[in-house]
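The values are calculated or read from the model by the stated rules, or taken from the named source; none is laboratory data. The model shown is predicted, which means the values in this text are computed figures rather than measured ones. So basically every Cβ, Gly included, is an ideal-geometry build from the backbone, and we count neighbours across all protein chains shown. Accessible surface areas use protein heavy atoms only, side chains included; no ligands, DNA or RNA. Shrake-Rupley method; radii C 1.70, N 1.55, O 1.52, S 1.80 Å.
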Amino acid sequence: MKKDGTLRHLAVISRIFMTVLILLILVAIGQLIIGEMLFAHYYAAREQQEKLKADARMRIATSQKRILPDGSIHLANRRGYSRAGTDYTKFQVYDVNDNLVWEGIQKDMPYEYLDWAQNLRNSCSDERMRELKTITSEFSRNLDIPVNSEERTEEVWRYDEQKDIFVGYRYRQGGGKIGYISSVGFTELKSEAKPFGKSRLFSSWVPQNSFSPMLLWQTDHRFYQINFEEHNVSLLFESTESEITFIRTHNWPSLSTSKKESSSIDYRPLIHCLTNDGKHWLIMWQPEQRLTVVLPEGLHSRSISATATKDSILLRHEGRELMPPELDYRKSPNQWQKYFREYRSKDRKEWIELYKVDDEGQLELVSRFDWIRPAAPVTDEIQEKATAPHRFVTAFSPPLYNVVWWIFHDKLMELTTYRGYRGSGEFVRGIVEATRWSLPSSWYWNWIVSVATVSIAFRHGWSRRTSLARFIAWLAFVGAFNIAGLLTYLALNHTTVIKCHHCSKARGLDQDQCVRCGTELPVPIQGKLDLMFCA
Amino acid sequence: MRFLAILRKELRECLPWIVLATAVLFVFGYVELFERTIPQNIDYRYRLFSPSNDVYPFDLTKRSLLAGMGQLLLVVSIGLGLAMGIRQFWVDHYAGTWGFTVHRSVNREKILSAKLTAAAIGFVVSIGAIWCLLFLYASKAPNFYVPPAKRIFFEGWVYIVSGLVVYSAAALAGLSTVRWYTTKIFGLAFAAIVLFVMVFQWRLSYAFLALLVGIFVLVVQITQTFLNREF
């Protein structure tokens with residue numbers, strides 16, 4: 001009997017869970033469709049933005065800040081795009097005093113500006129690597145690096161993500177394993193291979209005189225160059241104390257970051273690393289040199305770019321006024337509106353600085369340019385129009401979302417950041433973002449709708465109730481889940497009602513006594529309904 | 001003994017579908033793998049790159065040799081789940097033979113256990129065994145120079161367990177006495193959600209966990225409904 005009771009309770013909970021999950025998803029889909037349709041009628045901010053484009057301050061703010069080798073700063077204002085390609089894009093070039101110094105198409109530009117280290121192009125982050133491992137309907141993908149001759153594939157090196165090493169196979173008759181490539185280089189035995197460390201990023205290119213890709217492989221603390229054709233691994237950079245934040249390269253053998261053939265500036269191959277402790281590492285070749293740069297206060301680490309020529313090592317810093325730290329606009333829709341009013345709707349100061357780096361890693365300011373970025377066109381009317389559709393649709397969201405968000409806000413927001421995402425994945429992040437979008441932006445309307453749904457549930461359930469505790473539990477459930485809760489309640493509790501033969505009010509059939517007058521259900525009179533008669 | 005007799009009866013009734021699933025998976029799966037051994041497919045599997053060029057990372061990623069089989073395995077698994085669920089729980093309703101099934105000198109728990117056991121055996125023996133054989137062939141065959149990753153084997157079992165989720169959903173829908181336009185098909189909708197969650201996972205353990213939670217939610221309801229419903 002006890003087992004039956006447990007089973008019954010488990011079954012009820014399972015049924016409620018299944019039903020409310022399906023209905024929450026359906027309600028969310030309905031909110032999204034209706035919200036987007038209503039939002040499509042919002043045009044006011046676009047008109048304002050068209051007016052802003054003509055503002056000279058906006059032109060200065062949006063121009064590309066380009067730096068000449070002598071330290072001068074130019075503002076290159078792009079005048080639209082050309083269908084003939086980037087070389088034919090029209091530009092106006094101004095100096096820092098807003099004087100027009102040149103106008104024409106990109107390929108005719110008479111100035112040669114400094115080129116800066118960039119993120120690895122065509123790179124694959126650990127986020128993308130995880131997407132490769134998503135199960136899908138065709139199994140997951142593998143990272144296989146082929147070693148090719150001019151006509152065929154000779155070897156294949158497969159990445160084993162469990163061991164963080166590469167396993168090599170002969171790709172011809174006979175097959176078989178060649179060996180292992182790991183952080184210690186090529187080994188024939190698996191026991192000798194040491195893992196690279198968890199992959200964060202890799203980029204690939206094919207060098208000259210080869211048909212096989214090489215990899216630049218970044219982990220949390222190291223940066224390798226792997227040559228599969230020669231079975232060779234080079235450690236380019238290692239940070240033992242702190243994890244790597246980003247790695248940028250310039251004039252690397254890979255074409256995407258090498259200097260243009262027409263360039264007259266003699267660049268040195270450069271790797272620029274930023275580690276989590278705020279240190280900038282510059283590793284250069286021709287000649288080999290390694291510097292650690294510690295930025296003075298006020299310089300934001302992520303806005304630093306580096307380049308190295310035969311004559312000097314330069315850093316570029318792009319700064320802006322930051323929003324107050326307590327204004328976490330992701331916390332709630334109301335915080336977002338506050339963010340717009342107190343930060344985005346005001347003019348902001350921005351600047352660019354050029355520093356020279358000496359052999360000790362010390363910085364010397366060479367030049368600086370300041371400007372004002374005009375405020376975003378936000379008025380109360382625009383705010384109202386932007387948020388009204390969202391306020392309407394989220395009035396039907398469960399109030400429970402706000403409670404959960406308020407309690408677990410920090411943890412949930414962590415899941416949407418890059419670091420949190422690395423552990424959780426796209427799916428969890430999507431759920432959190434969808435929940436954040438669904439948060440009721442007007443608690444007033446949300447609670448009105450919630451009270452209305454509870455009223456409907458009360459009206460429906462009063463005549464059908466079998467137990468007061470159960471009835472109150474259902475009302476609380478409906479209140480917590482709003483429209484989805486009401487639909488769940490109706491789906492699982494809609495039973496037949498009849499008129500009580502004594503008080504003529506509606507009553508359910510799940511219990512013997514009428515909930516209002518206490519009269520029991522009528523019993524059939526013997527004789528009138530019997531098909532068999534007793535003697 | 002009675003349980004075994006009921007089990008044999010359930011297996012006998014589902015045998016055509018189990019045999020069909022086994023045959024489809026084996027024949028088409030083998031043909032798919034055999035095509036991979038054609039020299040042209042082997043030679044052109046990996047791209048040749050030109051010197052002095054950047055390489056898109058996506059060009060270095062490859063679907064498993066068994067990718068085509070993966071789609072087949074998923075479809076067959078879901079199909080077998082639907083077929084067995086309908087055969088065991090819907091046919092009796094439309095034929096009006098629930099009375100013959102349930103009113104025996106065996107309690108309902110044994111009858112339900114026999115049905116669920118027959119379904120599990122059907123999946124493991126038919127689809128599971130064929131999947132193991134084909135994976136072994138792909139791992140050992142001399143023409144496959146680069147064997148499939150071990151992870152693929154477990155992903156195949158994720159697909160097979162997905163079929164059990166669909167089977168459970170079909171069973172619950174068949175046992176439900178409510179109208180079709182209310183919550184009768186909610187079991188199938190829930191199974192769709194579980195499969196949707198499954199295909200987005202990159203951790204195998206999470207994928208299995210999602211499927212097992214789905215099966216638990218459905219089987220608990222099946223058990224409670226079957227044991228207490230009036231037939």
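Some observations on this one:
- Test: residue in segment B:22-35 that is hydroxyl-bearing (Ser, Thr, Tyr), more than 14 Å from every other protein chain (Cβ to nearest Cβ) and assigned to a helix (DSSP H, G or I): yes
- Strands (runs of 3 or more DSSP E) fully within segment A:181-240 counting 1 or more residues that are within 14 Å of chain B (Cβ to nearest Cβ): A:199-206, A:214-219, A:222-227
- The residues of segment A:130-152 that are within 24 Å of the chain's Cα centre (by Cα) and of a type in the set (D, E, K, R), listed by number, are A:Arg130, A:Glu131, A:Lys133, A:Arg141.
- Of residues in segment A:142-158 being of a type outside the set (Val, Ile, Thr) and more than 9 Å from chain B (Cβ to nearest Cβ), the one farthest from B:Phe49 (Cα to Cα): A:Trp157
- Taking the listed residues A:Tyr180, A:Tyr159, the one that is in contact with a helix residue (DSSP H, G or I) (Cβ under 8 Å, 6 or more places away or on another chain) and crowded, with 21+ Cβ neighbours inside 10 Å is A:Tyr180, with no other qualifying.
- Residues in segment A:152-180 that are assigned to a loop (DSSP other than H, G, I, E, B) and basic (Lys, Arg): A:Arg152, A:Lys163, A:Arg172.
- Top-ranked residue of segment B:209-221 - restricted to ones that are open to solvent by 60 Å² or more (accessible area, probe 1.4 Å) and more than 9 Å from every other protein chain (Cβ to nearest Cβ), ranked as nearest to the chain's Cα centre (by Cα): B:Leu212
- Of B:Trp202, B:Trp180, all but one fail to be open to solvent by 40 Å² or more (accessible area, probe 1.4 Å) and within 8 Å of chain A (Cβ to nearest Cβ); the exception is B:Trp202.
- Being closer than 26 Å to B:Gly187 by Cβ, of a type outside the set (Val, Ile, Thr) and within 14 Å of chain A (Cβ to nearest Cβ) is not true of B:Asn143.
- Considering only residues in segment A:129-141 that are at the interface with another protein chain (Cβ under 7 Å from one of its Cβ atoms) and within 16 Å of B:Val55 (Cβ to Cβ), the one that is modelled with the highest pLDDT turns out to be A:Arg141.
- Qualifying residue in segment A:107-121 (condition: among the hydrophobic types (A, V, I, L, M, F, W, C) and either in a strand (DSSP E or B) or loosely packed, with under 12 Cβ neighbours inside 10 Å (or both)): no
- A:Ser82 touching a residue at least 12 places away in the same chain (Cβ under 8 Å), more than 9 Å from chain B (Cβ to nearest Cβ) and either closer than 28 Å to A:Trp205 by Cβ or surrounded by fewer than 18 Cβ atoms within 10 Å (Cβ to Cβ) (or both): yes
- Filter result for the condition that a residue is touching a strand residue (DSSP E or B) at 6+ places or on another chain (Cβ under 9 Å) and closer than 23 Å to A:Arg290 by Cα, over A:Glu229, A:Glu188, A:Glu238, A:Glu192: A:Glu238
- If you filter segment A:22-34 down to residues that are open to solvent by 50 Å² or more (accessible area, probe 1.4 Å) and within 17 Å of B:Ile185 (Cα to Cα), you find that the one that is nearest to the other protein chains (Cβ to nearest Cβ) is A:Ile25.
- For segment B:36-73, a tally of residues being without any contact (Cβ under 8 Å) to a residue 12 or more places away in the chain, under 30 Å from A:Pro207 (Cα atoms), touching a strand residue (DSSP E or B) at 6+ places or on another chain (Cβ under 9 Å) and in a helix (DSSP H, G or I) returns 4.
- All of A:Val233, A:Val206 fail the test of being hydrophobic (A, V, I, L, M, F, W, C) and open to solvent by 20 Å² or more (accessible area, probe 1.4 Å), apart from A:Val233.
- Evaluation of A:Met323 against the conditions (1) farther than 27 Å from A:Arg368 by Cβ; (2) among the hydrophobic types (A, V, I, L, M, F, W, C); (3) at pLDDT below 70 shows that the sole unmet condition is (1).
- Hey, B:Tyr181 aromatic (Phe, Trp, Tyr), modelled with pLDDT under 95 and assigned to a helix (DSSP H, G or I) or not: yes
- Any hit, segment B:189-200, residues being assigned to a helix (DSSP H, G or I) and either touching a strand residue (DSSP E or B) at 6+ places or on another chain (Cβ under 9 Å) or among the hydroxyl-bearing types (Ser, Thr, Tyr) (or both): no
- Residues of segment B:1-12 classified as out of contact with any helix residue (DSSP H, G or I) (no Cβ under 6 Å at 6 or more places or on another chain) and in a helix (DSSP H, G or I), total: 6
- One residue stands out among those in segment A:255-275 that are at pLDDT 85 or above and outside any loop (DSSP other than H, G, I, E, B): the one that is surrounded by the most Cβ atoms within 10 Å (Cβ to Cβ), which is A:His272.
- Answer from A:Ser72, A:Ser14 - the residue that is open to solvent by less than 30 Å² (accessible area, probe 1.4 Å), modelled with pLDDT of 90 or more and polar (S, T, N, Q): A:Ser14
- So B:Ser77, is it open to solvent by less than 50 Å² (accessible area, probe 1.4 Å) and within 14 Å of chain A (Cβ to nearest Cβ): yes
- You will find that of B:Leu60, B:Leu65, B:Leu48, the residue that is surrounded by 18 or more Cβ atoms within 10 Å (Cβ to Cβ), aliphatic (A, V, I, L, M) and facing chain A (nearest Cβ under 7 Å) is B:Leu60 and no other.
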